[in-house]
Amino acid sequence: MLILDKILISIIWHPGAPTSLFFEADQFLVFFVTRLIELVFTTLSVNIFILLLVMSIAADSTHKNHLRQAVITAANTTIQPIWTKSVLLTLSNPRLFLSKLNHQLRLPSDHLFSDISAQTALEKSDGNWDRVINPLASRCGTNITKMTAAFNTHIQPSFQACTTRKQSWRSWCSVLTWAAGRNALHLIMPMTLKTLKAMIWDMMSMLATHSVLKNIIDSVQSRHRRFQLEPPLSGPHSYTRFLKTLVTVQGKLQKLSYPIQKYMIHKLLTHKHTSLTEFRNCLATVSSTIGMFRPDTGSSLQSCDVLFNDDAKHGFLKFKGGATINVSHSKSDQIRKGHQIRLGRSKNPNKDLVYQLGLWMDIAKLRPRLGCTKESRKHARCPVCPPLFPKLQFGKSGQLTATANKMSASSFADMIPAALRCIGLNSSGYTGKSAKIGGMSIATEAHVPENIIWLQSGHTRKSSTPARGYIQLTDVSLLYKPFEAFGL
Ligand SMILES: [Zn+2]
């Protein structure tokens with residue numbers, strides 16, 4: 001009875017119901033029957049949709065469970081498997097867990113399990129390679145084999161950025177796990193196109209998205225190249241075509257990132273900060289937007305990378321009160337060519353970013369230290385100066401103080417939505433990318449020449465535009481155009 005009541009109420013309260021009290025009886029009958037059919041159909045289709053969704057999730061988890069069981073059976077070991085939280089079933093200890101199986105199959109262990117994702121000693125030195133190489137060289141001597149091995153360990157991995165290598169290893173662990181469960185460990189190094197297709201099909205049926213599959217394919221391809229084996233996608237354009245086919249079927253989900261807008265920069269600069277954290281977050285967001293840099297660049301900046309009055313000191317007196325930010329290394333500049341970002345002097349003293357950066361360094365005690373090496377070695381990390389936007393922690397006195405530790409790129413990215421929340425804005429949809437997107441968009445809208453935007457944002461080495469690397473502006477004032485676009 002209750003259900004019948006609900007149906008009647010839903011029919012009578014429908015927006016399409018005849019409103020006049022004097023409608024004809026047959027008009028009401030037609031409306032009543034149509035609405036009843038519509039209601040039954042809607043309820044049924046919703047239920048069928050939910051049923052299909054539950055069935056697909058259940059099928060996916062059953063599929064994954066079957067694979068998990070198959071991996072455990074194939075490994076036939078007392079060692080405990082450690083699973084990651086990835087969409088695809090992935091072992092985080094494949095070398096150990098699959099060692100018995102690998103021993104039985106007599107496969108080259110290096111091809112399957114060598115992991116070069118950790119930062120090398122030379123990479124850790126952050127440009128100061130000449131100070132690190134001597135102890136390493138004295139350990140390996142002058143034996144040719146040992147020197148080749150040293151090159152392979154300490155230099156060869158840098159053919160890819162460390163973050164790319166980490167991603168590649170995670171994806172390769174998924175490949176190893178899949179291969180163990182499908183009795184195909186002997187088929188993955190080298191891998192034929194036939195095996196690649198089977199693997200991708202299997203992974204797609206476990207609901208791996210396009211980006212997950214692309215990482216898998218990239219890890220397979222780059223591993224083959226590393227061991228000088230022919231990759232499964234080796235013909236001309238075969239890699240591009242293969243990925244295009246996948247993306248046509250799957251679609252590509254893009255994470256939403258709104259750009260930081262000009263009025264937000266004005267608000268962030270005039271905001272009355274209540275804590276050191278707020279001050280840091282607001283300044284980091286403003287600097288990243290005007291400087292158009294990514295979170296990994298922002299987190300690597302040191303206080304000695306801010307060169308106050310640099311152009312004025314070099315004779316360009318009209319830029320007194322401005323500053324140059326030295327970016328020694330970024331993801332789009334793996335060769336440490338470096339680039340400089342210009343910050344001008346604001347007309348409104350309450351919105352003066354350069355002044356606020358100086359104030360921030362004084363309050364947080366971040367001014368460059370004695371023995372700073374930046375002047376002579378702009379491309380390398382200075383061993384004595386603190387990060388410009390460091391991690392903060394509570395000191396012994398209970399006061400929040402700056403530490404000497406740099407933030408990770410992801411914590412730096414988190415500062416951007418946090419800064420927007422401090423000025424009372426809804427930060428959903430804003431990410432670490434928002435600053436660079438905002439900065440480049442604002443400069444473009446203000447008709448700053450494209451070449452200047454590329455120079456400011458450090459995109460000087462794109463292979464399609466090698467000429468950018470040769471541009472040396474004779475008129476420095478053009479470099480201040482992106483800053484002027486913010487109207488501060
Ligand atoms: Zn320094």
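Number of residues in segment 387-408 that are surrounded by 12 or more Cβ atoms within 10 Å (Cβ to Cβ) and assigned to a loop (DSSP other than H, G, I, E, B): the value is 4.
Exactly one residue among 196, 185 is at pLDDT below 95 and surrounded by 19 or more Cβ atoms within 10 Å (Cβ to Cβ), and that residue is 185.
In summary, residue 448 fulfils each of the numbered conditions (1) at pLDDT below 90; (2) touching a Leu at 6+ places or on another chain (Cβ under 9 Å); (3) not in a loop (DSSP other than H, G, I, E, B) with the single exception of condition (3). Look at segment 288-315 and say how many of its residues are within 16 Å of the ligand (Cβ to nearest atom) and among the acidic types (Asp, Glu). The qualifying residues number 2. Looking only at segment 244-269, which residues are part of a loop (DSSP other than H, G, I, E, B) and of a type outside the set (Gly, Ala, Ser)? Scanning segment 244-269 gives 252, 253, 254, 255, 256, 258, 259, 260, 261. Where helices (runs of 4 or more DSSP H) fall entirely within segment 81-197, those with at least 3 residues that are under 30 Å from residue 69 (Cβ atoms) and of a type in the set (A, V, I, L, M) are at 162-181. Scan segment 102-144 for residues that are more than 25 Å from the chain's Cα centre (by Cα) and at pLDDT below 90 and the total you get is 25. Pairing residues of segment 352-375 that are away from the ligand (no atom under 16 Å from the Cβ) with residues that are among the charged types (D, E, K, R), at Cβ distances under 7 Å and at least 6 apart in sequence or on separate chains, gives 352/345; 354/345.
Answer yes or no as to whether residue 286 is buried (at least 17 other Cβ atoms within 10 Å of the Cβ) and touching a strand residue (DSSP E or B) at 6+ places or on another chain (Cβ under 6 Å). No, not satisfied.
When each of 409, 413, 402, 380 is tested for being under 26 Å from the mean Cα position of the chain (by Cα), within 28 Å of residue 435 (Cα to Cα) and within 13 Å of the ligand (Cβ to nearest atom), the lone residue that passes is 380. Here residue 210 fits the description: under 30 Å from residue 435 (Cα atoms), in contact (Cβ under 8 Å) with a residue 12 or more places away in the chain and not assigned by TED's automatic domain parsing to the domain that holds residue 356.
The values are calculated or read from the model by the stated rules, or taken from the named source; none is laboratory data. All of these numbers come straight from a predicted model, not from anything done at the bench. Heads up, the Cβs are rebuilt from the backbone with ideal geometry, glycines too, and the neighbour counts pull from every protein chain shown.
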